[in-house]
Structures are given as structure tokens and as C-alpha cells.
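Report on one structure; see the data block that follows.
The values are calculated or read from the model by the stated rules, or taken from the named source; none is laboratory data. Only a predicted model underlies this, so the values are computations on that prediction, with no experimental measurement involved. We place every Cβ from the backbone using ideal geometry, glycine too, and count neighbours over all the protein chains shown. Accessible surface areas use protein heavy atoms only, side chains included; no ligands, DNA or RNA. Shrake-Rupley method; radii C 1.70, N 1.55, O 1.52, S 1.80 Å.
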Amino acid sequence: MTIPLLEAVALQKYFPIYSGLFRRHVGEVKAVDGVDFKLYEGQVLGIVGESGSGKSTLGRAAIRLIEPTSGKLYYRGQNFLTIEKNQLKQMRRQIQIIFQDPCASLNPRKTIFQSIGDALVYHELVKSEEEQQAYVVEILKKIGLSPDSMHRYPHQFSGGQQQRICIGRAIAMNPKLVVCDEAVSALDVSVQAQILNLLVELKEIMGLSYLFISHNLSVVRYICDHVLVMHRGKVVEQGIVEKIFNEPQEPYTKKLLSAIPPDHPRKRHLAAISVI
Amino acid sequence: MDPILSVKNLTTPLRIGRDVFNVVDNLSFDLHLGKTLALVGESGCGKSLTALSIMRILPDPPCLLPRGAVIYKGQNLLDLSERAMRKIRGARIGMIFQDPTTSLNPVFTIGAQLIEVAELHLNLYGEEAISRAVQALNEVGIVNSEQRLSDYPHQLSGGMRQRVMIAMALMCEPDILIADEPTTALDVTIQAQVLDLMKELQARKGMAILLITHDMGVVAEMADDVIVMYASQAVERGGVYDIFDQMTHPYTMGLFASRPLLKKSKEKLIPIQGTVPAIGQYPKGCRFNTRCPYVMPKCLEGDIPAFSLKTSEKHFANCWLCQ
């Protein structure tokens, strides 16, 4: 049996609620409440759910961008939560993340060369400046941008190009796992198609695995192998993407799927959806 | 049936430095009571600025006065005085915006904001204004509406805030509702609720809706007629079935091919090559010619006329392919 790339067992993330004059601890928001999943190498695991269902928190807790409250995390069979500091740095390189808003996740005062290249120096992937330069050019080619855009600033690019840069920054580390947190949600449909194609292409060339968080079910259906449906911090249903979309078992999944807008006006559904 | 609002050759100039660009270029359309017209296109194609031009709430500067005509009940809205326009804006033509968080005032309760509408446009004060506000919230399906009046926008969820916006826009029973990406900030279940609500209210009140969106799914669900915009111009227009079954303009085809579909297998998506040209860098001739797979020599020069298509009498495309 192969070891999963990333495995979560009963992962929990609670946020405390404080109230009153002395900021007394009065309760918890159970953002992620006991989630198990396994992500195998080369696979794409989708996490879907409505806003506030804990998708993003799960994505972040799963790679320790925020510390989980409890539960276990294994990265290639190794306990990710108790790992030593110098190993953690090594592991950070192998796990990267792409956020929803490319404009907000790029430093406006750094050129593209700096945005992509600085981490190369930090992780000691390059030894000299020439090497760094050559590396960044190679990355820019991979993400379909011309090398002369290297010394420009993020505001000089369109939204789709900015997202390409974010992807470039993530893959520059030669990661194994990339968390895409609503990575295509802010893009126009034709740009979205370009970025989706780029993600699929990079996955094949570089052998990446994605943890793909999205509320856009058509996109999830397109790119994911497995899917995990979340509702109020808990997993409602998980399985192979075709199975979930064709034969949803749980009422919540059915409701979510029925809310997808039709792809043709002939299939309009007027059925009112009850208030959640 | 006569249209309730008729937009004729609307052109909105925008000034950047010394240059003037038309962000909405020669756009014409009609709105009919009880019908929904969808303006579709990608960011920056001028759909929102069209709406702002009709409402006359363009950011000025950089925008200059729009040219052309927006005829509502025999008067050209573009020629009205600001004072007269204020009677129409919000009262006869309502508008809802994409982001309800930034469109509601965070320091006033939603009650105060709703009551303000009643006072300004309906001449209702005190108890009457309050009960009108409660009624407006009831109409959009908000429960416990009396208690909700004292809530601040941040206390409501995104879907609820969008409902409040709709309530506010529909309070004066406008003839026209302009919805600028009403569901883009909402997730799929809430989107379905808001779209249902808009449809239901339209059926009950018979208003015309101008729906601005980039989501073909929303168009499929809502629209009667569609205008596809690219680079400030309309490139194709027609009934919703014309567009979905017999799309003709290469840009429209590109938009449809880019959509990941639920039922389709995992074949590669076919995006439109290249990027939308920046304003001021529009090519001569057809503005899509830099990205069009069928580009011909005559696409590079001059204006492209709108060709009538056989599909239906209201289906037009601005493309030489349809000649």
C-alpha cells in the first residue's frame, strides 16, 4: 500500500470566542471539526462547501499555516505536527499555497524577480545571482510569461497574469503539494480556463498534487479526482468526483449540486431553495 | 410593446491624462417590463460603466459626460438636471451592486438606511416609514424583520446583506432594476436563493431587469435577451436561446468553450488565446482581431457592421463571418 502524501486524522481547528470585560473565554467556533482525508501523490483533492463551512481553515490547518487545535497530520507518513524545526523548513519548501486574490498576495513593492527569486535564496536553491536569474527566467517560461517582464511590478500585470506569477512563485520551490485556495475564483471565465489548463499542465510535468479549495463546483468537477464536501466544519461526504456529482448520497450534497446554475436556459430550475 | 427604457448610441468617454477613450462605445438596447436583459462580458469590457452611465453616477473625473440618449418615459435622462435625475434615480430606476458590504453604510443600521429611502422618495415619515421598511424586508424573505431593522450591516451574512440591498432598491417599486453582478460575491446556494428572489419579485411587480454578469450560468437561469460585450462594444446580441444554441461571434464561442461544464468529461478546456487589450490599445477594425482564430484581412480595418442572422429577427453579430 502506498503512503499518502498528506493525511489528516480527526483534524480540528477551534477558534476561541472571548467576551466581556475580562475577555473571558466563552466558547469556540468549530471551524474544522474532526476531518479525515488522504491525499495521494499526483492526485487532486477538492474541498467544496459554502462560505463559512471551514474549507479555507482546513486548507491552512492541513499545512500548518495555522496550528490545528488537535488531530494528527502526516506528510509522507511522517508526523507533521511534531517535526523538528530544521526539517520543517525543508518541508515548507515542498508545500506551497496559492491564494484567491493575486493582487493582495503579491508584495506591490517587489518586482516579479524578487517575488519569485527571494524564496530561492532563502531555501538555498540557488548559489549565485546569475543562477537565480536563470532560474526565474525558466519559471516565467513555465507559467507562460515573457522573461522581460521580470523587472516589472505586480500592478503592471492583469489579474490572470498576476495569478500566473503566484503560481510561478509556488512552483519555483519544486513543491510536491500545492494548496489552491480559491485560486481561480476571482478570474474571468476565459482567463480561468487558461489558469486551469496551466495547473493541469504543471501537475503533469512536475508531478504535483493539489489540495483544491473552491466553491465553484464546475471547476472542482473539472480538475479534481477526489472531492470532500464540507458543511459547518464537518465532512458531509467524500469520494471520487464522478460518484459525488452523479450519485450524491447526502441531502446537503444534493442541495449544493442543485444550486449550480444551469449550463443552458432550457434547464432552468425555478425550484425555490430553502433558507439555510 | 414599447420599451420602458431605450438606450441609443450610448458612448461614455473617459479621460486619462490628455487622452480620451470611449469606455462604452455606441451601445444601444431596449428594456421591456417583465423582461430581463443580460449584459455579458469580462472585466473591463464596460458593462458596469454602462449601468453607471444610465444612472448618471459615473465617477467624474475621470469620466466625461456620456453621449447618446437614454430615453425613459419620453425624456432623455442624460439631459435632465441633477435635481430631476435625483427623483428618478433610486425611485424609478433601482440599482443593486456587486458587493453589499461596501454598498451599505457600516455606521448606520439597515433600518435607518431603509427609512431614509422611504423619506426621500415616498414621503413617508415616522411610523409609516418604519412599517414600509419592515414590509420591504418581508418581501425579500427576511424573517423577524422588525428586529433586523436595528442591525448593522456587519451583523448580517452576505446573502442577507444582498437581500437588504434588493429590498432597498425595490422599495419604491421601480420600473427598472439594474443588477450589477448581484451574485458574484455570494456562494452557490445563496446565489440560487438571490436569483430566485429576483425572479419572483419580477414576476410579482413586473419590472424590467438589466442584469450585468460574467457568469453564463446566471445568464442561462435569468435572461430573456443577451448582449455580449467585448472591449467596450457589443459584439453579439439576441434572445437567450439564440445565444446559447447558435452563438456566432468567435468571442462568444470562446467564452462558451472556456467554461468547465459539469457533465463533460475531462478534456482540455479551450481558452481564448491572449489577453483583453488594455483601453487605449484596442486594435483597429474588429477589436477581437488580435485573438480571433478566424481573423481575415478585412477584420483589420474599419467598423464591423452588425449582421442580422437567420436564427431569429433579434439575433445580430458584429462579425464579417456572418455576412
The residue from B:Lys199, B:Lys205 that alone is under 24 Å from B:Asp245 (Cβ atoms), open to solvent by 10 Å² or more (accessible area, probe 1.4 Å) and either more than 14 Å from every other protein chain (Cβ to nearest Cβ) or not polar (S, T, N, Q) (or both) is B:Lys199
Among (1) within 22 Å of the chain's Cα centre (by Cα); (2) open to solvent by 20 Å² or more (accessible area, probe 1.4 Å), B:Tyr125 falls short only on (1)
When region A:115-132 is checked residue by residue, the ones that are open to solvent by 70 Å² or more (accessible area, probe 1.4 Å) and outside any loop (DSSP other than H, G, I, E, B) are A:Val121, A:Tyr122, A:Glu129, A:Glu130, A:Glu131
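For (1) within 14 Å of chain A (Cβ to nearest Cβ); (2) exposed (fewer than 15 other Cβ atoms within 10 Å of the Cβ); (3) of a type in the set (A, V, I, L, M, F, W, C), each residue gets a yes or a no:
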{"site": "B:Ala133", "(1), (2), (3)": "no, no, yes"}
{"site": "B:Ile142", "(1), (2), (3)": "yes, no, yes"}
{"site": "B:Pro153", "(1), (2), (3)": "no, no, no"}
{"site": "B:Gly158", "(1), (2), (3)": "yes, no, no"}
{"site": "B:Pro182", "(1), (2), (3)": "yes, no, no"}
Within region A:136-163, the count of residues that are part of a helix (DSSP H, G or I), open to solvent by 40 Å² or more (accessible area, probe 1.4 Å) and without any contact (Cβ under 8 Å) to a residue 40 or more places away in the chain comes to 6
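Looking at A:Ile97, is it open to solvent by less than 40 Å² (accessible area, probe 1.4 Å), at pLDDT below 90, out of contact with any Cys (no Cβ under 7 Å at 6 or more places or on another chain) and among the aliphatic types (A, V, I, L, M)?
It is false that A:Ile97 is open to solvent by less than 40 Å² (accessible area, probe 1.4 Å), at pLDDT below 90, out of contact with any Cys (no Cβ under 7 Å at 6 or more places or on another chain) and among the aliphatic types (A, V, I, L, M).
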Among the residues that make up region A:191-204, is at least one of them at the interface with chain B (Cβ under 7 Å from one of its Cβ atoms), in contact with a His (Cβ under 8 Å, 6 or more places away or on another chain) and over 27 Å from A:Leu11 (Cα atoms)? no
Requiring at least 2 residues that are more than 28 Å from A:Asp118 (Cβ to Cβ), the strands (runs of 3 or more DSSP E) wholly within region A:170-276 are A:226-231, A:234-240
If we take region B:208-323, then strands (runs of 3 or more DSSP E) inside it with 3 or more residues that are closer than 27 Å to A:Asn216 by Cβ and either touching a Leu at 6+ places or on another chain (Cβ under 7 Å) or free of Cβ contacts under 8 Å to residues at least 24 places away in the same chain (or both) are B:208-213, B:225-230
Taking region A:166-189 and keeping only residues that are within 14 Å of chain B (Cβ to nearest Cβ) and more than 13 Å from the chain's Cα centre (by Cα), one is left with A:Ala186, A:Leu187, A:Asp188, A:Val189
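Only strands (runs of 3 or more DSSP E) wholly contained in region A:1-93 count here; list those with 3 or more residues that are among the basic types (Lys, Arg).
On the way: elements: A:6-19, A:24-39, A:44-48, A:70-75.
Per the criteria, A:24-39.
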Subset of region A:100-114, residues under 24 Å from A:Asp181 (Cβ atoms) and either open to solvent by 30 Å² or more (accessible area, probe 1.4 Å) or of a type in the set (S, T, N, Q) (or both), comes to A:Gln100, A:Asp101, A:Cys103, A:Ala104, A:Ser105, A:Asn107, A:Pro108, A:Arg109, A:Lys110, A:Gln114
query: What do you reckon, is B:Ala231 crowded, with 23+ Cβ neighbours inside 10 Å, under 26 Å from A:Gln162 (Cβ atoms) and either more than 10 Å from chain A (Cβ to nearest Cβ) or modelled with pLDDT of 90 or more (or both)?
result: yes
